[in-house]
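Everything on this sheet refers to the single structure shown next.
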Amino acid sequence: MKVHEYQGKEVLERYGVRTQRGILATTPEEAQAAFEQLASQGHELAVVKAQIHAGGRGKGGGVKLVKSAEETREVAVTMLGMMLKTHQTAPEGQKVRKLFVCEGLDLARELYVGIALDRALGLPVLMASAEGGVEIETIAEERPEALLRLPIIPDTGLTSAQAAEAADFLGLVGDLKTNAIDFLISLAKAYIELDCEIAEINPLAITEDNQVVALDAKINFDANALYRHPDIAAMQDIHEEDAREVEAATFGLNYITLDGSIGCMVNGAGLAMATMDTIQSHGGSAANFLDVGGSATEEAITEAFRIILSDENVKGILVNIFGGIMKCDVIARGVIAAAKNVDLTIPLVVRLEGTNVERGRELLNSSGLDLISADSLDHGAKLICEAVK
């Protein structure tokens with residue numbers, strides 16, 4: 001699960017990580033008041049940052065330096081409600097609903113630090129580079145020697161020796177090195193204790209008065225571990241999520257929007273992946289990943305079918321169920337109920353096998369639905385690809 005910059009900074013501050021502090025604003029008036037509050041604390045400048053779940057906001061016009069309360073209000077009028085386009089948003093952009101009005105800081109240097117899971121090692125890895133503000137993927141690919149990578153053992157966390165090695169790599173000495181060591185150890189502690197997937201600080205700022213400050217904070221959390229962190233789960237902003245994915249989650253469905261044309265309804269993540277691959281092998285492309293799981297109700301199946309049909313890119317549907325715990329007759333009833341509540345005008349191919357399969361097929365055959373039956377995954381994928389073409 002992704003959170004906004006202001007939320008990520010709030011979390012890091014709990015662990016003693018110094019961040020560029022600011023005030024959340026959702027109206028021009030709140031933004032103006034935020035500048036005035038920062039000015040009363042001695043800040044002559046402020047930075048207005050659009051809050052969306054995407055990087056590259058500055059290039060898209062989502063980060064502005066302001067020098068007065070009135071200028072802050074004018075920037076907020078323009079920024080709030082805009083469709084901000086970056087290299088990480090959809091082509092139409094993402095609507096800006098929140099602003100973070102941050103303290104202005106005198107910067108001496110910009111660095112990069114981040115922690116992410118290395119799946120090959122099976123461990124989180126601290127990454128550090130003296131080149132902040134640059135896409136880390138570019139550095140890793142073009143100049144890997146400019147990026148330090150240090151594996152972290154979760155049980156022990158980032159050690160003082162590792163943090164010191166990273167500070168040395170970044171060229172920090174004296175009090176700066178001491179501050180950086182504390183910063184990195186605290187960042188790693190937050191990453192491990194909160195079940196993060198990514199904790200990226202880009203840039204990590206060194207200020208003129210020798211402070212080590214997280215100028216930005218990209219924090220992503222493992223959604224499977226959110227039950228341990230209800231306060232983090234409460235930070236979810238559904239406006240930043242795919243509406244279909246959010247709706248599916250409320251019914252216990254695992255749904256991810258893709259860019260193909262064939263909707264898939266499958267039980268089991270492995271079978272869902274195999275279904276998408278088989279569709280691809282027959283010249284088609286999946287419009288979604290949808291795993292209804294092993295204990296979905298008829299209501300959930302009906303909702304899954306409706307969600308698939310809500311995607312205008314879907315030109316055909318393949319239902320591929322291998323019934324174990326999930327019974328084929330439950331799937332059949334859900335498909336029938338959903339199809340009768342919508343104007344189904346696209347091809348529908350259904351492959352059922354397993355528990356109660358005969359009853360499921362009987363229900364489908366007597367439903368009056370215009371559907372195509374398949375006797376295997378390969379057969380079903382072939383049929384739906386031909387029907388869509």
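The values are calculated or read from the model by the stated rules, or taken from the named source; none is laboratory data. Only a predicted model underlies this, so the values are computations on that prediction, with no experimental measurement involved. Please note: Cβ atoms are built from the backbone with ideal geometry, for glycine as well, and neighbour counts cover all protein chains shown.
Numbers for the structure displayed
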read-out	value
Qualifying positions in region 368-381 - assigned to a helix (DSSP H, G or I) and surrounded by fewer than 19 Cβ atoms within 10 Å (Cβ to Cβ)	ASP378, HIS379
Yes/no for ARG14 being surrounded by fewer than 18 Cβ atoms within 10 Å (Cβ to Cβ) and in contact (Cβ under 8 Å) with a residue 24 or more places away in the chain	yes
Conditions (1) surrounded by fewer than 24 Cβ atoms within 10 Å (Cβ to Cβ); (2) assigned to a loop (DSSP other than H, G, I, E, B): number failed by GLY284	(1)
Yes/no for LEU363 being crowded, with 17+ Cβ neighbours inside 10 Å, touching a residue at least 40 places away in the same chain (Cβ under 8 Å), in the same structural domain as GLY260 (by TED's automatic domain parsing) and over 21 Å from ASN313 (Cβ atoms)	no
Unique match (being at pLDDT 95 or above, assigned by TED's automatic domain parsing to the domain that holds VAL212, of a type outside the set (S, T, N, Q) and surrounded by fewer than 16 Cβ atoms within 10 Å (Cβ to Cβ)) among ASP175, ASP168	ASP168
Verdict on ILE153 being closer than 29 Å to HIS229 by Cβ and touching a Ser or Thr at 6+ places or on another chain (Cβ under 9 Å)	yes
ASN224 being under 20 Å from ASP195 (Cβ atoms) and not in a helix (DSSP H, G or I)	no
Residue match in region 241-254 (condition: without any contact (Cβ under 8 Å) to a residue 60 or more places away in the chain, assigned to a strand (DSSP E or B) and surrounded by 20 or more Cβ atoms within 10 Å (Cβ to Cβ))	no
All positions within region 21-74 that are within 20 Å of GLN7 (Cβ to Cβ) and of a type in the set (D, E, K, R)	ARG21, GLU30, LYS49, ARG57
Qualifying positions in region 298-316 - of a type outside the set (A, V, I, L, M, F, W, C) and either in contact with an Asp or Glu (Cβ under 7 Å, 6 or more places away or on another chain) or not in a helix (DSSP H, G or I) (or both)	SER310, ASP311, GLU312, ASN313, LYS315, GLY316
Residues of region 48-76 classified as more than 12 Å from ALA31 (Cα to Cα) and free of Cβ contacts under 8 Å to residues at least 40 places away in the same chain, total	11
Members of region 317-367 found to be over 20 Å from ALA286 (Cα atoms), at pLDDT 85 or above and not in a helix (DSSP H, G or I), listed by number	GLU353, GLY354, THR355, ASN356, SER366, SER367
Qualifying residue in region 299-308 (condition: of a type in the set (Lys, Arg), modelled with pLDDT under 90 and closer than 22 Å to LEU383 by Cα)	yes
Residues (out of contact with any helix residue (DSSP H, G or I) (no Cβ under 7 Å at 6 or more places or on another chain) and not acidic (Asp, Glu)) located in region 40-56	SER40, GLN41, GLY42, HIS43, LEU45, VAL47, ALA54, GLY55, GLY56
When residues of region 48-75 are limited to those that are out of contact with any strand residue (DSSP E or B) (no Cβ under 6 Å at 6 or more places or on another chain) and assigned to a helix (DSSP H, G or I), the one surrounded by the most Cβ atoms within 10 Å (Cβ to Cβ)	ARG73
Verdict on ASN356 being in contact with a Lys or Arg (Cβ under 7 Å, 6 or more places away or on another chain), over 25 Å from THR250 (Cα atoms) and surrounded by fewer than 20 Cβ atoms within 10 Å (Cβ to Cβ)	yes
Close pairs (8 angstrom Cβ cut-off, 6 or more residues apart or separate chains): outside any helix (DSSP H, G or I) in region 23-47, among the aromatic types (Phe, Trp, Tyr) anywhere	ILE23/PHE100; LEU24/TYR6; LEU24/PHE100; ALA25/PHE100; ALA46/PHE35
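A quick yes/no check of all residues on (1) in the same structural domain as ASP378 (by TED's automatic domain parsing); (2) out of contact with any Lys or Arg (no Cβ under 7 Å at 6 or more places or on another chain); (3) not acidic (Asp, Glu):
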{"site": "ILE279", "(1), (2), (3)": "yes, yes, yes"}
{"site": "THR297", "(1), (2), (3)": "yes, yes, yes"}
{"site": "GLU303", "(1), (2), (3)": "yes, yes, no"}
{"site": "ILE307", "(1), (2), (3)": "yes, no, yes"}
{"site": "LYS315", "(1), (2), (3)": "yes, yes, yes"}
{"site": "ARG333", "(1), (2), (3)": "yes, yes, yes"}
{"site": "LYS340", "(1), (2), (3)": "yes, yes, yes"}
{"site": "THR345", "(1), (2), (3)": "yes, yes, yes"}
{"site": "VAL349", "(1), (2), (3)": "yes, yes, yes"}
